[in-house]
């Protein structure tokens, strides 16, 4: 009896040891994301062939996203400026800079990045999500991390050694950015009231539906069509900027020529792009105040006031904005949509239907270092 | 320090580019992925299905079915495809058990388009769905569907009005010829549908059994009351000695092109003609119907579908299998905009798209009435159209009409191809 017991125990130890060794030497595992299904109306997307969406990469990316180890002083994580409850913005006009003061731009929402414009940051300086992910980590004003030191720190962690091994095989800066990109690509918001409306599972109120129709229409007084002109820049389903070429960037009339920041021109060198900024997604817009690249507007009402009556003309102002006028006969003292207060409120009501509570509270996107997540 | 940091950044960025991480470089094109409805051929032991097919001759996957869902329990296949304004995909169907369906589309984690399946909708007894149109009645948008069999009977036919959110039937517009008074407007075997302002038009085509009866009128429906208000006869020559059988219809209107004078255009399947009926928006009255294209005179037969691009109107003619093209701005007159696109016998539905190199293309589905082939001893074969089912989709250069390639579904998949008029895309649609 004892011999049987000992034999079984030895066999168990050998099996466990073998498994541990095998787990440490085997290559990465690529488990497809369970139950992944993207709304087809969001349009096409592509994932880099050597960075497919996998459970292992997502889990690693989620940990890295919330871990201050990514910063030089180990106090700042991606989530510091990208808070889930705020649709991964930070609620500030401009995020604080590491040495003091504030950054140049407002923190952008990280939502539905699989689709839309493939240049990232307000000025489009990153041409892929993978390239984008490394920039804040290294920027002296943001996370100020040396990539070599980051890799050394990560290698000192048994948990990260295991997660990198499973996801990619080794710890490297390239794999850090791959994992962060996977996590960000998976931040899909597709269960707002508007989404449920599109699927036939919810009805919009009369005011919301009026706002939706205004959102989707470019005003045309010749046929008595009133419109909020939103869709000229914010696509019908994603509500983000358009994907092709640089169509997802625009000068939306915030500043005069003298005050116009470089924007996209800083990247392309083309003066025609001066004052162009990335058209952001409007998904969860009700929780991402303040608004615009510099956070100058506190509320959606202020945003609508800008488009309705406060457009500042400059050389590169979008012609789609310049010509969008619901009441051109009302005088030329200002440039704007000239909608009625009811129409403005209807558009704001529609914008509120873009809030996706499930996205804002989904534990799969939350901090894995807190609670039971 | 800064030099080191940014040098690293540049090097890593370059590395990422070298290993091909730029999403744009791995982009899978979807502009050429057509949604098709395939018919199982009984003698070849295949099932009806919905599929996505690659139609770009420049693609290594040209002609491949990228996703397919079979309909094993349905005797007759789905028939037409329509995207709603909100991007939901619907199909009408010839089988009484599934005369209207919603098709589920999505993408998997690699971005590959996927057909998830389809749900047959409750039509409250209306059968043989044909065309769909979204239009407004008293400020409310509805989905209007023609049912060629209606709720049954020798003179059946209905227009189903559906809630755009729930897909529930709101109203069935019916007016049987045998039940309305003499001279009163009726609806019979409706197929084509189009609308402008508060006027809708449907055609009276043929009883679904293709034996009981054939129509020869258009029916005008008042969208304010959702009641038929007028019949317009569109019949002249009878080359087959049948009633004219108006099939597809297009209400040409200024929102298609600012220069268009409103008028109805209607193709007669057995009269081989295209008709024009002018519309006066002020008095809301229709003028005299007149033939503006004669198939007998032009040696074409069975005109079927209307499709449009930004500047052209295309009309398919099943025999000899051509697509004629006209200047959109000149409508309702048919002013040729180029030579015929020579497809195959049965030229029917079509889509427009671009190749990977940016070439503008048109794909034409060539099966007339989507039936089988006598050579296969197919029980669904009908002699008249036996030779008009090429089972192909032909691909042509849109500018020149040059035939570039074809997919023969019968040879490749042992199936017929009933429909291609939509792409897998964000609410992309081509019909009427």
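The values are calculated or read from the model by the stated rules, or taken from the named source; none is laboratory data. Just so we're clear, the structure is a prediction, and the values are computed from it rather than from any experiment. Note: ideal-geometry Cβ built from the backbone for every residue, glycine included; neighbour counts use all protein chains shown.
Quick rundown of the values:
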| read-out | value |
| --- | --- |
| Segment A:200-220, residues that are under 21 Å from residue B:197 (Cβ atoms) and away from chain B (no Cβ under 14 Å) | A:219 |
| In segment A:122-134, the residues that are under 15 Å from the mean Cα position of the chain (by Cα) and at the interface with chain B (Cβ under 9 Å from one of its Cβ atoms) | A:126, A:127, A:128, A:129, A:130, A:131 |
| Number of positions in segment B:67-92 that are under 13 Å from residue B:38 (Cβ atoms) and assigned to a strand (DSSP E or B) | 8 |
| So residue B:60, is it surrounded by fewer than 20 Cβ atoms within 10 Å (Cβ to Cβ) and free of Cβ contacts under 8 Å to residues at least 60 places away in the same chain | yes |
| Qualifying positions in segment A:153-167 - part of a helix (DSSP H, G or I) and either within 14 Å of chain B (Cβ to nearest Cβ) or within 14 Å of residue A:68 (Cα to Cα) (or both) | A:153, A:154, A:160 |
| Residue in segment A:153-172 that is in contact with a strand residue (DSSP E or B) (Cβ under 9 Å, 6 or more places away or on another chain) and within 25 Å of residue A:288 (Cα to Cα) present | no |
| Test: residue A:124 is over 30 Å from residue B:84 (Cα atoms) and in contact with a strand residue (DSSP E or B) (Cβ under 9 Å, 6 or more places away or on another chain) | yes |
| Residue match in segment B:262-280 (condition: free of Cβ contacts under 8 Å to residues at least 40 places away in the same chain, surrounded by fewer than 16 Cβ atoms within 10 Å (Cβ to Cβ) and over 21 Å from residue B:206 (Cα atoms)) | yes |
| Checking residue A:240 against (1) under 14 Å from residue A:351 (Cβ atoms); (2) in contact with a helix residue (DSSP H, G or I) (Cβ under 6 Å, 6 or more places away or on another chain); (3) within 13 Å of chain B (Cβ to nearest Cβ), the condition it does not meet | (2) |
| Filter result for residue B:88 (modelled with pLDDT of 85 or more, crowded, with 18+ Cβ neighbours inside 10 Å, within 30 Å of residue A:135 (Cβ to Cβ) and within 9 Å of chain A (Cβ to nearest Cβ)) | no |
| Any hit, segment B:306-329, residues being part of a strand (DSSP E or B), closer than 15 Å to residue B:218 by Cβ and touching a residue at least 40 places away in the same chain (Cβ under 8 Å) | yes |
| Residue in segment B:166-176 that is in a strand (DSSP E or B), in contact with a strand residue (DSSP E or B) (Cβ under 6 Å, 6 or more places away or on another chain) and within 14 Å of residue B:213 (Cα to Cα) present | no |
| When residues of segment B:103-135 are limited to those that are more than 19 Å from the chain's Cα centre (by Cα), over 14 Å from residue B:90 (Cα atoms) and at pLDDT 95 or above, the one surrounded by the fewest Cβ atoms within 10 Å (Cβ to Cβ) | B:124 |
| The lone exception for residue B:94 - which of (1) within 19 Å of the chain's Cα centre (by Cα); (2) at the interface with another protein chain (Cβ under 10 Å from one of its Cβ atoms) it fails | (2) |
| Members of segment B:330-359 found to be part of a loop (DSSP other than H, G, I, E, B), in contact (Cβ under 8 Å) with a residue 24 or more places away in the chain and more than 22 Å from residue B:271 (Cβ to Cβ), listed by number | B:337, B:338, B:339, B:344, B:355, B:356, B:357, B:359 |
| Subset tally (residues that are in a helix (DSSP H, G or I) and within 13 Å of another protein chain (Cβ to nearest Cβ)) for segment A:57-77 | 2 |
| Residue tally, condition out of contact with any helix residue (DSSP H, G or I) (no Cβ under 6 Å at 6 or more places or on another chain), within 13 Å of chain B (Cβ to nearest Cβ) and either closer than 17 Å to residue A:115 by Cβ or crowded, with 22+ Cβ neighbours inside 10 Å (or both), over segment A:185-198 | 6 |
| Selection status of residue A:254, more than 28 Å from residue A:188 (Cα to Cα) and outside the structural domain of residue A:108 (by TED's automatic domain parsing) | yes |
| Number of positions in segment A:176-205 that are in contact (Cβ under 8 Å) with a residue 40 or more places away in the chain and not in a loop (DSSP other than H, G, I, E, B) | 15 |
| Residue that is modelled with the lowest pLDDT [pool: residues in segment A:233-277 that are in contact with a strand residue (DSSP E or B) (Cβ under 7 Å, 6 or more places away or on another chain) and part of a loop (DSSP other than H, G, I, E, B)] | A:241 |
| Residue within segment A:104-118 that is in contact with a strand residue (DSSP E or B) (Cβ under 9 Å, 6 or more places away or on another chain) and not in a loop (DSSP other than H, G, I, E, B) present | no |
| Among (1) in contact (Cβ under 8 Å) with a residue 60 or more places away in the chain; (2) facing chain B (nearest Cβ under 10 Å); (3) surrounded by 23 or more Cβ atoms within 10 Å (Cβ to Cβ) - the single one residue A:228 does not satisfy | (2) |
| Boolean, residue A:100 is within 14 Å of another protein chain (Cβ to nearest Cβ) and either part of a loop (DSSP other than H, G, I, E, B) or at pLDDT 95 or above (or both) | no |
| Positions within segment B:24-39 being at pLDDT 85 or above and over 17 Å from residue B:117 (Cβ atoms), in sequence order | B:32, B:33, B:34, B:39 |
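For (1) within 10 Å of another protein chain (Cβ to nearest Cβ); (2) in a loop (DSSP other than H, G, I, E, B); (3) at pLDDT 70 or above, each residue gets a yes or a no:
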residue: A:4; (1), (2), (3): no, no, yes
residue: A:10; (1), (2), (3): no, no, yes
residue: A:19; (1), (2), (3): no, no, no
residue: A:29; (1), (2), (3): no, yes, yes
residue: A:45; (1), (2), (3): yes, yes, yes
residue: A:52; (1), (2), (3): yes, yes, yes
